[in-house]
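First comes the structure, then the notes that go with it.
The values are calculated or read from the model by the stated rules, or taken from the named source; none is laboratory data. Small disclaimer: the values here were computed from a predicted structure and weren't measured. Cβ coordinates were reconstructed from backbone atoms using ideal geometry, including for glycine residues, and neighbour counts include every protein chain displayed. When the accessible area is computed, the model is the full protein with side chains, heavy atoms only, and any ligands, DNA or RNA have been set aside. Shrake-Rupley method; radii C 1.70, N 1.55, O 1.52, S 1.80 Å.
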Amino acid sequence: MDNDRLTDPGPSGGGGYDAALLDHWLAGRTRVDARSRRGLPQGLSPQALLPQGLSPIVKPLPAGRFRVHESNAEMRWEAMRGQGYVVPNPDFFVRNHTSTPLIDAGTWSLSVFGTGLRGSVPPGHPARFSYQDLLDLPARTVVCAIECAGNGRSFFAAQQGQAVPGTPWRLGAIGVAAWRGVPLSIVLERAGITREAVDVMPSGLDPDLVTAGVNHGRVRRPIPVAKALDDVILAYEMNGEPLPPDHGFPVRVIVPHWAGIASIKWVGQIEVSATPLVSYWNTQAYRLFGPAYPSGGAFITTQPVRSAFELAWNARLPANQEYLLTGRSWSGGGPIARTEISTDGGRRWHPAIPRDPGIPAAWQRWEFRWRTPGPGSYTLRARATDVTGATQPATVPGNTFGYHFGGIAEHPVSTA
Ligand SMILES: Nc1nc2c(c(=O)[nH]1)N[C@H]1C(S)=C(S)[C@@H](COP(=O)(O)O)O[C@H]1N2
Ligand SMILES: [Mo]
């Protein structure tokens, strides 16, 4: 395997991140090390928790790199062409239910409470961890995707004639980063988790979500204890920098393989419960409801297989020339085994050439040399299959809120 390209420096990350990723892949596992960090990262906001007055998103959202949907911003895939493995922090998509809070890490603390802790810790007397406490605990770096369950939602309407409510994402509600933080299992053990614990529910410090006059409270969603103790981390770094405000500063949860809603940003509390927990985000939103699903709906966990071209929507390409199509494929189910490309409406499929090994919980870059036809309009298709055999069908069963569009996206281009 030619790994040279893995060390391409990205514009904001520098070569170090991709070099570290290579290490990580070669080691074939995540490493826990006891390196502790001294002092707070630079650039801390001196403000206490302040809801943003103007934009729900703090960072700049240049029109050439993002499509903004209300409080959310999707990455334009053409921005990833020529980039390294990870998405540079400034280009990472943002999904906010309300708005980005500005939090002072110096006064922030994480409270852990609930009936699943020794002595059944009441909410008023939680186990507390300061930012520095977390920096001093053993750290792990995980390279993984965060992807919204609703990524690709617009294709339900565009390709299947199914109108669904919600943010009309194309495929840009995904990003991959190197997340560094403390394994959640370490924090839960220190807080005194017992064998009786069944659910672990982090909640965010962003404003309460109010929809149609109903206050759903803090953004929060239970994680079953087995997953919480497996590979979840409490991250304080993204691609080697302190988490940017929009991505959860000072600390966010990272739940590899699962829908983005599990990865709670700006975490302030974690409830550990001996009985199952409920919130709007596991009972109403982020469930699959529809004829293909159980009558009570299905709790969304792992993400489907998807693929995207690093190409503008309606890109204009030179006619009758060789053009190197590039893109990425990913799956919550495991590493990608292969990606195929069709440039003729899905009749013939050709293997794309992988540029990375199959990576669990992240994506695989690929390329395909296309001899473009004469002037006209064309539709490109990419179809990936993961190591479990899960693939992308031409159509997928609908669901009420348009989650998990895992079908083949039809990407329009023209040549001139
Ligand atoms: N506190 C909090 N955490 C949150 C959210 C939110 O609105 N508030 N949005 C969730 C959703 S739906 C997604 S897809 C991811 C998006 O992470 P990002 O904005 O860093 O890309 O964050 C999740 N964590
Ligand atoms: Mo999401």
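For the subset of segment 74-87 comprising residues that are open to solvent by 30 Å² or more (accessible area, probe 1.4 Å) and out of contact with any Lys or Arg (no Cβ under 7 Å at 6 or more places or on another chain), which member is nearest to ligand 2 (Cβ to nearest atom)? Reasoning before the result, please.
Taking segment 74-87 first, the residues open to solvent by 30 Å² or more (accessible area, probe 1.4 Å) are 76, 78, 81-82.
Within this subset, residues satisfying the condition of being out of contact with any Lys or Arg (no Cβ under 7 Å at 6 or more places or on another chain) are 78, 81-82.
Working: GLU78: 22, ARG81: 25, GLY82: 27 Å.
My answer is GLU78.
For the criterion of being open to solvent by 10 Å² or more (accessible area, probe 1.4 Å), under 21 Å from ALA177 (Cβ atoms) and in contact (Cβ under 8 Å) with a residue 12 or more places away in the chain, PRO90 passes. Count of segment 172-205 residues, restricted to those that are over 18 Å from the mean Cα position of the chain (by Cα) and near ligand 1 (Cβ under 10 Å from one of its atoms), is 1.
Taking segment 243-279 as the range and being away from ligand 1 (no atom under 12 Å from the Cβ) and either open to solvent by 10 Å² or more (accessible area, probe 1.4 Å) or among the charged types (D, E, K, R) (or both) as the test, the residues that pass are HIS257, GLU271, ALA274, THR275, PRO276, LEU277, VAL278. Across segment 171-216, the number of residues qualifying as within 16 Å of ligand 2 (Cβ to nearest atom) and touching a strand residue (DSSP E or B) at 6+ places or on another chain (Cβ under 9 Å) comes to 12.
Look at segment 256-275 and say how many of its residues are closer than 14 Å to TRP108 by Cβ and assigned to a strand (DSSP E or B). Quick ask: steps written out before the conclusion?
Within segment 256-275, the first condition is being closer than 14 Å to TRP108 by Cβ, and the residues that meet it are 265-270.
Of the ones still in play, those that are also assigned to a strand (DSSP E or B) are 267-270.
Qualifying residue count for the region: 4.
The sole residue among GLU237, GLU147, GLU189, GLU196 that is acidic (Asp, Glu) and without any contact (Cβ under 8 Å) to a residue 40 or more places away in the chain is GLU189. Listed by first and then second residue, the pairs with beta-carbon distance under 6 Å, at least 6 apart or on different chains, first residue in segment 154-172 and on the phi > 0 side of the Ramachandran plot, second crowded, with 21+ Cβ neighbours inside 10 Å, are GLY166/GLY150; GLY166/ARG153; GLY166/PHE401; GLY166/GLY402.
Taking the numbered list (1) more than 18 Å from GLY166 (Cα to Cα); (2) away from ligand 2 (no atom under 16 Å from the Cβ) in turn, GLY290 passes all entries but (1).
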